[in-house]
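The block underneath contains the structure these notes are about, expressed in structure tokens.
The values are calculated or read from the model by the stated rules, or taken from the named source; none is laboratory data. It should be emphasised that the depicted structure is a prediction, and the values quoted were computed from it without experimental measurement. With ideal geometry, Cβ positions are generated from the backbone for all residues, glycine too; neighbour counts draw on all protein chains shown.
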């Protein structure tokens, strides 16, 4: 993919991240343990809410739908830079989904997907998001709960 085609998406994702509510910043990072290719334990100790997770994924401010497409017939202009979310729960376990959200760079250091629950070792982070996760632990669990329902 050419830089000319990718750059507008990167700018859009950055702008959307800056527009996210600051709810995540009020919460410190919960310690987690990566085992193999996932984070087996919930960040909150509780399962997330799939309904809230779907709302987060479909909200352009959370950036998911800017790069991914998925089973959202009501949404126009879904992304095509990243894999479709359709069937995500069939491709990956909850632990694998959780790690992809928490730290996408764990799998691909060159990814353009944001690490939604990581604050260390990041470059080019806007002042609004320095030392703050993009999503709270509760929001990560909600998104994991929703993506896990996408089986086909």
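A few points about this structure:
- Comparison of 118, 124, 151 shows that the only residue that is closer than 19 Å to residue 38 by Cα, over 16 Å from the mean Cα position of the chain (by Cα) and either in a loop (DSSP other than H, G, I, E, B) or modelled with pLDDT under 90 (or both) is 151.
- The single residue among 151, 124 that is more than 15 Å from residue 28 (Cα to Cα) and in contact (Cβ under 8 Å) with a residue 60 or more places away in the chain turns out to be 151.
- Residues of the range 127-142 that are touching a helix residue (DSSP H, G or I) at 6+ places or on another chain (Cβ under 9 Å) and outside any loop (DSSP other than H, G, I, E, B): 128, 129, 137, 138, 139, 140, 141, 142.
- Selected residue (criterion: surrounded by the fewest Cβ atoms within 10 Å (Cβ to Cβ)) from residues of the range 89-115 that are in contact with a helix residue (DSSP H, G or I) (Cβ under 9 Å, 6 or more places away or on another chain) and part of a loop (DSSP other than H, G, I, E, B): 107
- Summed over the range 55-78, residues that are part of a loop (DSSP other than H, G, I, E, B), closer than 18 Å to residue 100 by Cα and at pLDDT below 90 total 1.
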